[in-house]
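*Asks:* One structure coming up, written as C-alpha coordinates, with questions to follow.
The values are calculated or read from the model by the stated rules, or taken from the named source; none is laboratory data. All values reported here derive from a predicted model rather than from experimental measurement. So basically every Cβ, Gly included, is an ideal-geometry build from the backbone, and we count neighbours across all protein chains shown.
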(Lines give C-alpha, C1' and ligand atoms only; values in the text may rest on other atoms or scores of the structure.)
Protein backbone atom coordinates (compact mmCIF):
# COMPACT_ATOMS: atom_id res chain seq x y z
CA UNK A 1 0.00 0.00 0.00
CA UNK A 2 1.44 3.35 -1.03
CA UNK A 3 0.74 6.71 0.47
CA UNK A 4 -0.15 8.90 -2.52
CA UNK A 5 -2.07 8.42 -5.76
CA UNK A 6 -1.79 10.78 -8.74
CA UNK A 7 -4.13 10.65 -11.69
CA UNK A 8 -2.97 11.96 -15.05
CA UNK A 9 -5.41 13.64 -17.43
CA UNK A 10 -6.32 10.63 -19.62
CA UNK A 11 -7.02 8.50 -16.54
CA UNK A 12 -9.45 10.89 -14.84
CA UNK A 13 -11.00 12.21 -18.05
CA UNK A 14 -11.76 8.90 -19.73
CA UNK A 15 -13.10 7.37 -16.53
CA UNK A 16 -15.57 10.22 -16.03
CA UNK A 17 -16.52 10.43 -19.71
CA UNK A 18 -17.31 6.71 -19.66
CA UNK A 19 -19.56 7.12 -16.63
CA UNK A 20 -21.25 10.14 -18.22
CA UNK A 21 -21.93 8.27 -21.43
CA UNK A 22 -24.10 5.69 -19.66
CA UNK A 23 -26.00 7.51 -16.91
CA UNK A 24 -28.55 4.68 -16.74
CA UNK A 25 -26.03 1.86 -16.16
CA UNK A 26 -23.14 0.82 -14.04
CA UNK A 27 -19.83 1.11 -15.87
CA UNK A 28 -16.45 -0.41 -15.22
CA UNK A 29 -12.91 -0.09 -16.49
CA UNK A 30 -9.22 -0.48 -15.84
CA UNK A 31 -6.56 2.06 -14.93
CA UNK A 32 -2.97 1.76 -16.09
CA UNK A 33 0.33 2.80 -14.56
CA UNK A 34 3.94 2.79 -15.64
CA UNK A 35 5.56 -0.49 -14.55
CA UNK A 36 8.16 0.07 -11.85
CA UNK A 37 10.56 -2.71 -12.75
CA UNK A 38 13.58 -3.64 -10.67
CA UNK A 39 12.16 -3.23 -7.16
CA UNK A 40 12.10 0.55 -7.02
CA UNK A 41 10.19 0.59 -3.75
CA UNK A 42 11.53 3.96 -2.66
CA UNK A 43 8.82 5.72 -4.66
CA UNK A 44 5.77 5.95 -2.49
CA UNK A 45 3.40 7.30 -5.14
CA UNK A 46 1.25 5.50 -7.66
CA UNK A 47 0.83 7.42 -10.89
CA UNK A 48 -2.23 6.36 -12.89
CA UNK A 49 -1.60 7.42 -16.46
CA UNK A 50 -4.54 6.14 -18.46
CA UNK A 51 -7.96 4.50 -18.20
CA UNK A 52 -9.47 1.77 -20.39
CA UNK A 53 -13.29 1.68 -20.33
CA UNK A 54 -14.51 -1.90 -20.18
CA UNK A 55 -18.23 -2.50 -19.80
CA UNK A 56 -21.62 -0.92 -19.33
CA UNK A 57 -23.56 -4.20 -19.57
CA UNK A 58 -23.45 -7.17 -17.17
CA UNK A 59 -20.36 -6.23 -15.26
CA UNK A 60 -20.56 -9.47 -13.28
CA UNK A 61 -20.02 -11.90 -16.18
CA UNK A 62 -16.59 -13.50 -16.48
CA UNK A 63 -15.83 -14.46 -20.10
CA UNK A 64 -15.58 -11.02 -21.71
CA UNK A 65 -13.76 -9.69 -18.66
CA UNK A 66 -11.10 -12.39 -19.06
CA UNK A 67 -10.70 -11.57 -22.75
CA UNK A 68 -10.47 -7.85 -22.03
CA UNK A 69 -7.90 -8.13 -19.24
CA UNK A 70 -5.68 -10.41 -21.33
CA UNK A 71 -5.86 -8.11 -24.34
CA UNK A 72 -5.13 -5.03 -22.25
CA UNK A 73 -2.09 -6.66 -20.66
CA UNK A 74 -0.73 -7.72 -24.04
CA UNK A 75 -1.47 -4.45 -25.75
CA UNK A 76 0.31 -2.22 -23.28
CA UNK A 77 3.23 -4.48 -22.29
CA UNK A 78 5.47 -3.01 -24.98
CA UNK A 79 4.77 0.52 -23.73
CA UNK A 80 5.79 -0.49 -20.22
CA UNK A 81 2.29 -0.04 -18.84
CA UNK A 82 0.60 -2.41 -16.41
CA UNK A 83 -2.92 -2.86 -15.07
CA UNK A 84 -2.85 -0.84 -11.86
CA UNK A 85 -6.47 -0.78 -10.78
CA UNK A 86 -10.18 -1.06 -11.49
CA UNK A 87 -12.84 1.65 -11.56
CA UNK A 88 -16.59 1.28 -11.31
CA UNK A 89 -19.55 3.63 -11.24
CA UNK A 90 -22.61 1.97 -9.69
CA UNK A 91 -26.02 2.16 -11.33
CA UNK A 92 -27.62 3.95 -8.40
CA UNK A 93 -26.69 7.62 -8.11
CA UNK A 94 -26.03 7.54 -4.38
CA UNK A 95 -24.33 4.16 -4.23
CA UNK A 96 -20.55 4.37 -3.89
CA UNK A 97 -20.03 1.04 -2.16
CA UNK A 98 -17.93 -1.46 -4.12
CA UNK A 99 -20.02 -4.57 -4.84
CA UNK A 100 -18.80 -8.14 -5.06
CA UNK A 101 -17.74 -7.64 -8.70
CA UNK A 102 -15.55 -4.62 -7.92
CA UNK A 103 -13.95 -6.39 -4.97
CA UNK A 104 -13.28 -9.57 -6.93
CA UNK A 105 -11.68 -7.84 -9.93
CA UNK A 106 -9.64 -5.51 -7.75
CA UNK A 107 -8.38 -8.46 -5.71
CA UNK A 108 -7.38 -10.27 -8.88
CA UNK A 109 -5.39 -7.21 -9.97
CA UNK A 110 -3.85 -6.90 -6.51
CA UNK A 111 -2.47 -10.45 -6.79
CA UNK A 112 0.08 -9.09 -9.27
CA UNK A 113 0.35 -5.56 -7.93
CA UNK A 114 0.38 -4.64 -4.22
CA UNK A 115 -0.48 -1.02 -4.94
CA UNK A 116 -3.61 -1.87 -6.94
CA UNK A 117 -6.31 0.82 -6.67
CA UNK A 118 -10.05 0.26 -6.42
CA UNK A 119 -11.74 3.45 -7.65
CA UNK A 120 -15.44 4.07 -7.12
CA UNK A 121 -16.90 7.01 -9.01
CA UNK A 122 -19.09 9.25 -6.87
CA UNK A 123 -22.00 9.76 -9.28
CA UNK A 124 -23.56 12.54 -7.25
CA UNK A 125 -20.44 14.70 -7.59
CA UNK A 126 -20.09 14.19 -11.34
CA UNK A 127 -21.09 17.50 -12.94
CA UNK A 128 -20.35 19.88 -15.79
CA UNK A 129 -18.06 22.03 -13.72
CA UNK A 130 -15.80 19.82 -11.63
CA UNK A 131 -14.12 21.40 -8.62
CA UNK A 132 -12.82 18.16 -7.14
CA UNK A 133 -12.28 14.69 -8.56
CA UNK A 134 -15.52 12.77 -7.90
CA UNK A 135 -13.78 9.53 -6.99
CA UNK A 136 -13.12 7.40 -3.92
CA UNK A 137 -9.86 5.48 -4.15
CA UNK A 138 -9.12 2.43 -2.00
CA UNK A 139 -6.10 0.22 -1.59
CA UNK A 140 -5.46 -3.06 0.22
CA UNK A 141 -4.18 -2.86 3.77
CA UNK A 142 -1.69 -5.39 5.13
CA UNK A 143 -4.69 -7.23 6.67
CA UNK A 144 -6.21 -7.73 3.23
CA UNK A 145 -9.04 -5.20 3.61
CA UNK A 146 -9.85 -2.42 1.13
CA UNK A 147 -9.45 0.93 2.83
CA UNK A 148 -10.47 4.20 1.21
CA UNK A 149 -7.71 6.74 1.09
CA UNK A 150 -7.87 10.21 2.52
CA UNK A 151 -8.78 12.93 -0.03
CA UNK A 152 -5.45 14.64 0.64
CA UNK A 153 -3.57 11.60 -0.74
CA UNK A 154 -5.35 11.76 -4.09
CA UNK A 155 -3.81 14.25 -6.51
CA UNK A 156 -5.51 15.46 -9.66
CA UNK A 157 -4.22 18.66 -11.25
CA UNK A 158 -7.06 21.25 -11.40
CA UNK A 159 -6.35 21.84 -15.09
CA UNK A 160 -7.30 18.19 -15.75
CA UNK A 161 -10.66 18.78 -14.03
CA UNK A 162 -11.14 21.90 -16.13
CA UNK A 163 -10.42 19.97 -19.33
CA UNK A 164 -12.76 17.13 -18.32
CA UNK A 165 -15.51 19.62 -17.53
CA UNK A 166 -15.10 21.19 -20.96
CA UNK A 167 -15.36 17.78 -22.61
CA UNK A 168 -18.50 16.95 -20.63
CA UNK A 169 -20.05 20.27 -21.65
CA UNK A 170 -19.27 19.51 -25.28
CA UNK A 171 -20.78 16.00 -24.85
CA UNK A 172 -17.56 14.28 -25.95
CA UNK A 173 -18.60 11.27 -23.83
CA UNK A 174 -20.57 10.04 -26.83
CA UNK A 175 -17.26 9.41 -28.62
CA UNK A 176 -15.78 7.23 -25.87
CA UNK A 177 -15.55 3.52 -26.80
CA UNK A 178 -15.57 0.74 -24.28
CA UNK A 179 -14.94 -2.97 -24.68
CA UNK A 180 -18.67 -3.67 -24.96
CA UNK A 181 -18.82 -1.31 -27.96
CA UNK A 182 -15.81 -3.05 -29.47
CA UNK A 183 -17.47 -6.47 -29.15
CA UNK A 184 -20.47 -5.14 -31.06
CA UNK A 185 -18.37 -3.31 -33.67
CA UNK A 186 -14.72 -4.21 -34.21
CA UNK A 187 -13.84 -0.76 -35.51
CA UNK A 188 -14.51 0.78 -32.08
CA UNK A 189 -11.12 1.51 -30.52
CA UNK A 190 -11.20 0.71 -26.80
CA UNK A 191 -7.85 2.45 -26.34
CA UNK A 192 -9.59 5.69 -27.39
CA UNK A 193 -6.48 7.09 -29.11
CA UNK A 194 -8.56 9.91 -30.56
CA UNK A 195 -9.58 11.07 -27.09
CA UNK A 196 -5.97 10.87 -25.88
CA UNK A 197 -4.92 13.08 -28.79
CA UNK A 198 -7.70 15.54 -27.97
CA UNK A 199 -6.59 15.62 -24.34
CA UNK A 200 -2.99 16.30 -25.39
CA UNK A 201 -4.12 19.21 -27.54
CA UNK A 202 -6.26 20.71 -24.78
CA UNK A 203 -3.52 20.25 -22.19
CA UNK A 204 -1.00 22.00 -24.43
CA UNK A 205 -3.44 24.84 -25.07
CA UNK A 206 -4.11 25.34 -21.39
CA UNK A 207 -0.39 25.75 -20.75
CA UNK A 208 -0.08 28.63 -23.22
CA UNK B 1 -38.70 8.70 -44.33
CA UNK B 2 -35.48 10.41 -43.43
CA UNK B 3 -33.93 9.10 -40.26
CA UNK B 4 -31.32 11.15 -38.44
CA UNK B 5 -29.15 8.34 -37.21
CA UNK B 6 -25.97 9.70 -35.74
CA UNK B 7 -25.75 11.93 -32.74
CA UNK B 8 -23.14 14.09 -34.42
CA UNK B 9 -25.48 14.63 -37.38
CA UNK B 10 -28.20 15.82 -35.05
CA UNK B 11 -25.84 18.15 -33.25
CA UNK B 12 -24.44 19.53 -36.48
CA UNK B 13 -27.95 20.26 -37.71
CA UNK B 14 -28.97 21.87 -34.50
CA UNK B 15 -25.85 23.98 -34.48
CA UNK B 16 -26.82 25.48 -37.78
CA UNK B 17 -30.50 25.55 -36.77
CA UNK B 18 -31.09 23.77 -40.01
CA UNK B 19 -33.67 21.39 -38.61
CA UNK B 20 -36.45 20.13 -40.82
CA UNK B 21 -39.37 19.64 -38.44
CA UNK B 22 -40.72 16.78 -40.53
CA UNK B 23 -37.40 14.90 -40.23
CA UNK B 24 -37.51 15.39 -36.49
CA UNK B 25 -41.10 14.18 -36.31
CA UNK B 26 -40.21 11.06 -38.31
CA UNK B 27 -37.18 10.33 -36.18
CA UNK B 28 -39.20 10.56 -32.99
CA UNK B 29 -41.80 8.27 -34.51
CA UNK B 30 -39.16 5.65 -35.37
CA UNK B 31 -37.75 5.81 -31.83
CA UNK B 32 -41.28 5.35 -30.41
CA UNK B 33 -41.92 2.36 -32.63
CA UNK B 34 -38.56 0.75 -31.82
CA UNK B 35 -38.94 1.64 -28.15
CA UNK B 36 -35.33 2.79 -27.95
CA UNK B 37 -33.89 5.17 -25.38
CA UNK B 38 -32.61 8.47 -26.81
CA UNK B 39 -33.69 10.76 -24.04
CA UNK B 40 -31.14 13.56 -24.47
CA UNK B 41 -31.75 13.74 -28.21
CA UNK B 42 -35.55 13.70 -27.81
CA UNK B 43 -35.37 16.58 -25.34
CA UNK B 44 -33.09 18.64 -27.58
CA UNK B 45 -35.12 17.94 -30.71
CA UNK B 46 -38.34 18.97 -28.98
CA UNK B 47 -36.86 21.99 -27.28
CA UNK B 48 -34.97 23.40 -30.26
CA UNK B 49 -37.42 22.47 -32.99
CA UNK B 50 -40.58 20.44 -32.76
CA UNK B 51 -42.37 22.33 -30.00
CA UNK B 52 -42.67 25.27 -32.39
CA UNK B 53 -44.57 23.01 -34.81
CA UNK B 54 -46.72 21.06 -32.38
CA UNK B 55 -49.93 22.41 -33.91
CA UNK B 56 -48.87 20.77 -37.22
CA UNK B 57 -48.58 17.29 -35.70
CA UNK B 58 -52.29 16.44 -35.63
CA UNK B 59 -53.20 13.44 -33.49
CA UNK B 60 -49.58 12.40 -33.30
CA UNK B 61 -48.95 15.42 -31.07
CA UNK B 62 -50.10 13.62 -27.92
CA UNK B 63 -47.83 10.62 -28.45
CA UNK B 64 -44.92 12.98 -29.08
CA UNK B 65 -45.68 14.97 -25.95
CA UNK B 66 -45.84 11.74 -23.93
CA UNK B 67 -42.48 10.73 -25.39
CA UNK B 68 -41.03 14.13 -24.45
CA UNK B 69 -42.36 13.85 -20.88
CA UNK B 70 -40.63 10.50 -20.39
CA UNK B 71 -37.41 11.73 -22.06
CA UNK B 72 -37.43 14.91 -20.00
CA UNK B 73 -37.89 13.00 -16.74
CA UNK B 74 -35.04 10.67 -17.78
CA UNK B 75 -32.60 13.59 -18.16
CA UNK B 76 -33.77 15.65 -15.21
CA UNK B 77 -35.18 18.27 -17.60
CA UNK B 78 -38.39 18.90 -15.70
CA UNK B 79 -38.55 22.29 -17.38
CA UNK B 80 -39.21 20.42 -20.63
CA UNK B 81 -41.29 17.56 -19.24
CA UNK B 82 -43.73 19.51 -17.06
CA UNK B 83 -45.32 21.79 -19.68
CA UNK B 84 -46.01 18.71 -21.84
CA UNK B 85 -47.54 16.90 -18.87
CA UNK B 86 -49.79 19.89 -18.27
CA UNK B 87 -51.06 19.95 -21.88
CA UNK B 88 -51.60 16.17 -21.85
CA UNK B 89 -53.58 16.48 -18.62
CA UNK B 90 -55.77 19.20 -20.13
CA UNK B 91 -56.39 17.13 -23.23
CA UNK B 92 -57.10 13.82 -21.43
CA UNK B 93 -58.48 14.61 -17.97
CA UNK B 94 -58.79 11.58 -15.70
CA UNK B 95 -56.71 9.38 -17.98
CA UNK B 96 -54.87 6.50 -16.26
CA UNK B 97 -52.11 6.72 -18.83
CA UNK B 98 -51.49 10.36 -17.89
CA UNK B 99 -51.71 9.47 -14.20
CA UNK B 100 -48.87 7.01 -14.71
CA UNK B 101 -46.79 9.87 -16.11
CA UNK B 102 -47.58 11.88 -12.99
CA UNK B 103 -46.26 8.93 -10.98
CA UNK B 104 -43.09 8.93 -13.06
CA UNK B 105 -42.65 12.64 -12.38
CA UNK B 106 -42.81 11.89 -8.65
CA UNK B 107 -40.16 9.19 -9.16
CA UNK B 108 -37.92 11.72 -10.91
CA UNK B 109 -38.32 14.02 -7.90
CA UNK B 110 -37.41 11.04 -5.68
CA UNK B 111 -40.81 11.26 -3.96
CA UNK B 112 -40.97 7.48 -4.08
CA UNK B 113 -43.70 6.82 -1.51
CA UNK B 114 -46.07 9.20 -3.28
CA UNK B 115 -45.25 7.60 -6.62
CA UNK B 116 -46.00 4.16 -5.15
CA UNK B 117 -49.41 5.44 -3.95
CA UNK B 118 -50.22 6.74 -7.43
CA UNK B 119 -49.36 3.36 -8.96
CA UNK B 120 -51.32 1.39 -6.36
CA UNK B 121 -54.29 3.64 -7.10
CA UNK B 122 -54.08 2.91 -10.83
CA UNK B 123 -53.81 -0.84 -10.24
CA UNK B 124 -56.91 -0.76 -8.01
CA UNK B 125 -58.83 0.75 -10.93
CA UNK B 126 -57.24 -1.47 -13.58
CA UNK B 127 -55.83 -4.84 -12.45
CA UNK B 128 -54.59 -5.71 -15.93
CA UNK B 129 -52.28 -2.71 -16.17
CA UNK B 130 -48.89 -4.38 -16.55
CA UNK B 131 -46.72 -1.33 -17.19
CA UNK B 132 -47.76 0.32 -13.92
CA UNK B 133 -46.90 -2.86 -12.01
CA UNK B 134 -43.44 -2.64 -13.55
CA UNK B 135 -43.14 0.99 -12.47
CA UNK B 136 -43.47 -0.28 -8.90
CA UNK B 137 -40.39 -2.42 -9.48
CA UNK B 138 -38.64 0.68 -10.86
CA UNK B 139 -39.53 2.63 -7.69
CA UNK B 140 -37.99 -0.10 -5.53
CA UNK B 141 -34.86 -0.04 -7.71
CA UNK B 142 -34.76 3.73 -7.43
CA UNK B 143 -34.77 3.39 -3.66
CA UNK B 144 -31.94 0.86 -3.86
CA UNK B 145 -34.22 -1.85 -2.44
CA UNK B 146 -33.04 -4.60 -4.79
CA UNK B 147 -34.26 -7.56 -2.75
CA UNK B 148 -37.77 -6.04 -2.63
CA UNK B 149 -37.60 -5.25 -6.33
CA UNK B 150 -36.82 -8.91 -7.03
CA UNK B 151 -39.77 -10.01 -4.88
CA UNK B 152 -42.15 -7.60 -6.59
CA UNK B 153 -40.95 -8.57 -10.07
CA UNK B 154 -41.19 -12.30 -9.29
CA UNK B 155 -44.83 -11.79 -8.22
CA UNK B 156 -45.47 -9.82 -11.40
CA UNK B 157 -44.02 -12.57 -13.60
CA UNK B 158 -46.28 -15.18 -11.95
CA UNK B 159 -49.22 -13.22 -13.42
CA UNK B 160 -47.61 -11.97 -16.64
CA UNK B 161 -45.32 -14.87 -17.44
CA UNK B 162 -44.69 -14.11 -21.09
CA UNK B 163 -43.27 -10.64 -20.45
CA UNK B 164 -39.82 -10.79 -22.08
CA UNK B 165 -38.76 -7.42 -20.74
CA UNK B 166 -39.71 -8.56 -17.23
CA UNK B 167 -37.61 -11.73 -17.38
CA UNK B 168 -34.62 -9.76 -18.71
CA UNK B 169 -34.92 -7.25 -15.90
CA UNK B 170 -35.20 -10.06 -13.33
CA UNK B 171 -32.09 -11.71 -14.77
CA UNK B 172 -30.16 -8.46 -14.39
CA UNK B 173 -31.38 -7.98 -10.82
CA UNK B 174 -30.22 -11.50 -9.90
CA UNK B 175 -26.85 -10.85 -11.56
CA UNK B 176 -26.49 -7.71 -9.48
CA UNK B 177 -27.05 -9.80 -6.35
CA UNK B 178 -24.60 -12.43 -7.57
CA UNK B 179 -27.32 -15.11 -7.73
CA UNK B 180 -26.09 -16.73 -10.94
CA UNK B 181 -28.29 -19.82 -10.79
CA UNK B 182 -31.51 -17.80 -10.57
CA UNK B 183 -30.24 -15.49 -13.32
CA UNK B 184 -29.60 -18.58 -15.46
CA UNK B 185 -33.18 -19.74 -14.81
CA UNK B 186 -34.48 -16.42 -16.17
CA UNK B 187 -32.42 -16.85 -19.32
CA UNK B 188 -33.79 -20.40 -19.70
CA UNK B 189 -37.33 -18.95 -19.71
CA UNK B 190 -36.27 -16.42 -22.32
CA UNK B 191 -34.64 -19.03 -24.55
CA UNK B 192 -37.77 -21.23 -24.33
CA UNK B 193 -39.96 -18.42 -25.62
CA UNK B 194 -37.38 -17.00 -28.08
CA UNK B 195 -35.49 -20.04 -29.41
CA UNK B 196 -33.93 -18.16 -32.33
CA UNK B 197 -32.50 -15.15 -30.53
CA UNK B 198 -28.72 -15.54 -30.40
CA UNK B 199 -28.18 -12.93 -27.68
CA UNK B 200 -30.17 -14.94 -25.12
CA UNK B 201 -28.03 -18.02 -25.81
CA UNK B 202 -24.88 -15.89 -25.44
CA UNK B 203 -25.93 -14.40 -22.12
CA UNK B 204 -26.95 -17.81 -20.75
CA UNK B 205 -23.59 -19.22 -21.78
CA UNK B 206 -21.76 -16.33 -20.13
CA UNK B 207 -23.63 -16.95 -16.88
CA UNK B 208 -22.82 -20.68 -16.97
CA UNK B 209 -19.14 -19.95 -17.68
CA UNK B 210 -19.05 -17.54 -14.74
CA UNK B 211 -20.49 -20.22 -12.45
CA UNK B 212 -17.55 -22.46 -13.41
CA UNK B 213 -16.91 -26.19 -13.08
CA UNK B 214 -16.65 -28.74 -15.90
CA UNK B 215 -20.41 -29.26 -16.32
CA UNK B 216 -21.03 -25.52 -16.62
CA UNK B 217 -18.11 -25.03 -19.02
CA UNK B 218 -19.55 -27.80 -21.22
CA UNK B 219 -22.99 -26.18 -21.13
CA UNK B 220 -21.45 -22.80 -21.90
CA UNK B 221 -19.60 -24.34 -24.83
CA UNK B 222 -22.85 -25.74 -26.28
CA UNK B 223 -24.76 -22.51 -25.88
CA UNK B 224 -21.96 -20.32 -27.28
CA UNK B 225 -21.87 -22.75 -30.18
CA UNK B 226 -25.59 -22.41 -30.79
CA UNK B 227 -25.37 -18.61 -30.58
CA UNK B 228 -22.55 -18.59 -33.15
CA UNK B 229 -24.65 -20.86 -35.38
CA UNK B 230 -27.64 -18.53 -35.15
CA UNK B 231 -25.45 -15.49 -35.81
CA UNK B 232 -21.94 -16.07 -37.15
CA UNK B 233 -21.19 -12.39 -36.63
CA UNK B 234 -21.56 -12.65 -32.86
CA UNK B 235 -18.04 -11.99 -31.60
CA UNK B 236 -18.96 -12.60 -27.95
CA UNK B 237 -20.16 -16.08 -28.87
CA UNK B 238 -16.91 -16.84 -30.69
CA UNK B 239 -14.72 -15.56 -27.85
CA UNK B 240 -16.91 -17.42 -25.37
CA UNK B 241 -16.67 -20.59 -27.42
CA UNK B 242 -12.88 -20.32 -27.48
CA UNK B 243 -12.69 -19.75 -23.72
CA UNK B 244 -15.11 -22.52 -22.76
CA UNK B 245 -13.34 -24.99 -25.07
CA UNK B 246 -10.01 -24.13 -23.39
CA UNK B 247 -11.53 -24.69 -19.97
CA UNK B 248 -13.12 -28.00 -20.92
CA UNK B 249 -9.99 -29.29 -22.65
CA UNK B 250 -7.74 -28.44 -19.74
CA UNK B 251 -9.99 -30.09 -17.15
CA UNK B 252 -8.48 -33.28 -15.65
CA UNK B 253 -11.92 -34.94 -15.91
CA UNK B 254 -12.05 -34.51 -19.68
CA UNK B 255 -11.66 -37.75 -21.64
CA UNK B 256 -9.10 -37.96 -24.46
CA UNK B 257 -11.75 -38.29 -27.16
CA UNK B 258 -13.72 -35.30 -25.86
CA UNK B 259 -10.50 -33.32 -25.55
CA UNK B 260 -9.70 -33.92 -29.21
CA UNK B 261 -13.13 -32.71 -30.33
CA UNK B 262 -13.05 -29.72 -28.03
CA UNK B 263 -9.61 -28.62 -29.21
CA UNK B 264 -10.82 -28.82 -32.81
CA UNK B 265 -13.77 -26.57 -31.93
CA UNK B 266 -11.43 -24.23 -30.07
CA UNK B 267 -9.20 -23.95 -33.14
CA UNK B 268 -12.22 -23.24 -35.33
CA UNK B 269 -13.36 -20.45 -33.01
CA UNK B 270 -9.90 -18.91 -33.03
CA UNK B 271 -9.81 -19.05 -36.82
CA UNK B 272 -13.19 -17.31 -37.07
CA UNK B 273 -12.12 -14.58 -34.65
CA UNK B 274 -8.83 -13.96 -36.46
CA UNK B 275 -10.69 -13.78 -39.76
CA UNK B 276 -13.09 -11.19 -38.38
CA UNK B 277 -10.22 -9.02 -37.20
CA UNK B 278 -8.31 -9.35 -40.46
CA UNK B 279 -11.40 -8.25 -42.42
CA UNK B 280 -11.43 -5.12 -40.33
CA UNK B 281 -8.70 -2.91 -41.75
CA UNK B 282 -8.59 -0.50 -38.84
CA UNK B 283 -7.64 -3.17 -36.37
CA UNK B 284 -4.38 -5.07 -35.92
CA UNK B 285 -5.50 -8.69 -35.89
CA UNK B 286 -2.06 -10.19 -35.28
CA UNK B 287 -1.92 -8.92 -31.71
CA UNK B 288 -5.20 -10.71 -30.92
CA UNK B 289 -3.80 -14.10 -31.90
CA UNK B 290 -0.73 -13.39 -29.74
CA UNK B 291 -3.09 -12.75 -26.85
CA UNK B 292 -4.76 -16.10 -27.25
CA UNK B 293 -1.51 -17.97 -27.43
CA UNK B 294 -0.63 -16.49 -24.07
CA UNK B 295 -4.11 -17.30 -22.73
CA UNK B 296 -3.79 -20.98 -23.49
CA UNK B 297 -0.35 -21.14 -21.88
CA UNK B 298 -1.19 -19.38 -18.64
CA UNK B 299 -4.76 -20.68 -18.41
CA UNK B 300 -4.34 -23.12 -15.59
CA UNK B 301 -1.83 -20.97 -13.68
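*Asks:* Would you mind stating whether residue A:152 is over 28 Å from residue B:38 (Cα atoms) and loosely packed, with under 14 Cβ neighbours inside 10 Å?
*Replies:* Values: over 28 Å from residue B:38 (Cα atoms): yes; loosely packed, with under 14 Cβ neighbours inside 10 Å: yes.
It is true that residue A:152 is over 28 Å from residue B:38 (Cα atoms) and loosely packed, with under 14 Cβ neighbours inside 10 Å.
*Asks:* Oh, and also: Given the conditions (1) loosely packed, with under 15 Cβ neighbours inside 10 Å; (2) farther than 22 Å from residue A:47 by Cα; (3) within 13 Å of chain B (Cβ to nearest Cβ), and given that residue A:193 satisfies all but one, which numbered condition is not satisfied?
*Replies:* For residue A:193, the failing item is (2).
*Asks:* Six or more apart or on different chains, Cβ atoms under 8 Å: show the pairs whose first residue is in the range B:158-185 and away from chain A (no Cβ under 14 Å) and whose second is assigned to a loop (DSSP other than H, G, I, E, B).
*Replies:* B:164/B:194; B:166/B:160
*Asks:* If residue A:181 satisfies all but one of (1) within 14 Å of another protein chain (Cβ to nearest Cβ); (2) in a helix (DSSP H, G or I); (3) surrounded by 15 or more Cβ atoms within 10 Å (Cβ to Cβ); (4) touching a helix residue (DSSP H, G or I) at 6+ places or on another chain (Cβ under 9 Å), what's the number of the condition it fails?
*Replies:* Condition (4) is where residue A:181 drops out.
*Asks:* Hey, another quick one. Residues to consider are B:96, B:85, B:73; find the one that is touching a residue at least 24 places away in the same chain (Cβ under 8 Å) and under 25 Å from residue B:53 (Cβ atoms). First the steps, then the outcome.
*Replies:* On the way: B:96 fails: under 25 Å from residue B:53 (Cβ atoms); B:85 fails: touching a residue at least 24 places away in the same chain (Cβ under 8 Å).
Testing whether each residue is touching a residue at least 24 places away in the same chain (Cβ under 8 Å) and under 25 Å from residue B:53 (Cβ atoms) leaves just B:73.
*Asks:* Inspect the range B:130-150 for any residue being out of contact with any helix residue (DSSP H, G or I) (no Cβ under 9 Å at 6 or more places or on another chain) and more than 14 Å from chain A (Cβ to nearest Cβ) and give the result as yes or no. Reasoning before the result, please.
*Replies:* If we filter the range B:130-150 for residues that are out of contact with any helix residue (DSSP H, G or I) (no Cβ under 9 Å at 6 or more places or on another chain), which is where we start, we get B:144.
Cutting the leftovers down to more than 14 Å from chain A (Cβ to nearest Cβ) gives us none.
No, the conditions are met nowhere in the range B:130-150.
*Asks:* For the condition within 23 Å of the chain's Cα centre (by Cα) and surrounded by fewer than 24 Cβ atoms within 10 Å (Cβ to Cβ), what is the one hit in B:230, B:214? It would help to see each step written out before you state the result.
*Replies:* On the way: B:214 fails: within 23 Å of the chain's Cα centre (by Cα).
On inspection, the qualifying residue turns out to be B:230.
*Asks:* I've got another one for you. Residues that are more than 25 Å from the chain's Cα centre (by Cα) and surrounded by 15 or more Cβ atoms within 10 Å (Cβ to Cβ): does the range B:125-146 have at least one?
*Replies:* Here is the first cut: in the range B:125-146, the ones more than 25 Å from the chain's Cα centre (by Cα) are B:125-127.
Checking which are surrounded by 15 or more Cβ atoms within 10 Å (Cβ to Cβ) leaves us with none.
No.
*Asks:* Could you check residue B:36 against (1) modelled with pLDDT under 95; (2) within 14 Å of chain A (Cβ to nearest Cβ); (3) within 30 Å of residue B:139 (Cα to Cα); (4) in a helix (DSSP H, G or I) and say which number it fails?
*Replies:* (4)
*Asks:* Considering only the range A:139-177, how many residues are in contact with a helix residue (DSSP H, G or I) (Cβ under 6 Å, 6 or more places away or on another chain), under 20 Å from residue A:197 (Cβ atoms) and not in a helix (DSSP H, G or I)?
*Replies:* Total satisfying the criteria: 1.
*Asks:* Of all residues in the range B:194-215, how many are part of a helix (DSSP H, G or I) and either away from chain A (no Cβ under 11 Å) or at pLDDT below 95 (or both)? So that I can check it myself, show each step before the final result.
*Replies:* From the range B:194-215, those part of a helix (DSSP H, G or I) are B:198-211, B:214-215; that's our starting set.
In the following step, the residues that additionally are either away from chain A (no Cβ under 11 Å) or at pLDDT below 95 (or both) were identified as B:198, B:200-201, B:214-215.
The number of residues fulfilling the criteria is 5.
*Asks:* If you don't mind, another one. Taking into account only those residues within the range B:44-71 that are at pLDDT 95 or above and within 14 Å of another protein chain (Cβ to nearest Cβ), which is surrounded by the fewest Cβ atoms within 10 Å (Cβ to Cβ)?
*Replies:* Looking at residues that are at pLDDT 95 or above and within 14 Å of another protein chain (Cβ to nearest Cβ), I get B:70.
*Asks:* Within the range A:116-136, identify whether any single residue is surrounded by fewer than 21 Cβ atoms within 10 Å (Cβ to Cβ), part of a helix (DSSP H, G or I) and more than 14 Å from every other protein chain (Cβ to nearest Cβ), and answer yes or no.
*Replies:* Yes, because at least one residue in the range A:116-136 is surrounded by fewer than 21 Cβ atoms within 10 Å (Cβ to Cβ), part of a helix (DSSP H, G or I) and more than 14 Å from every other protein chain (Cβ to nearest Cβ).
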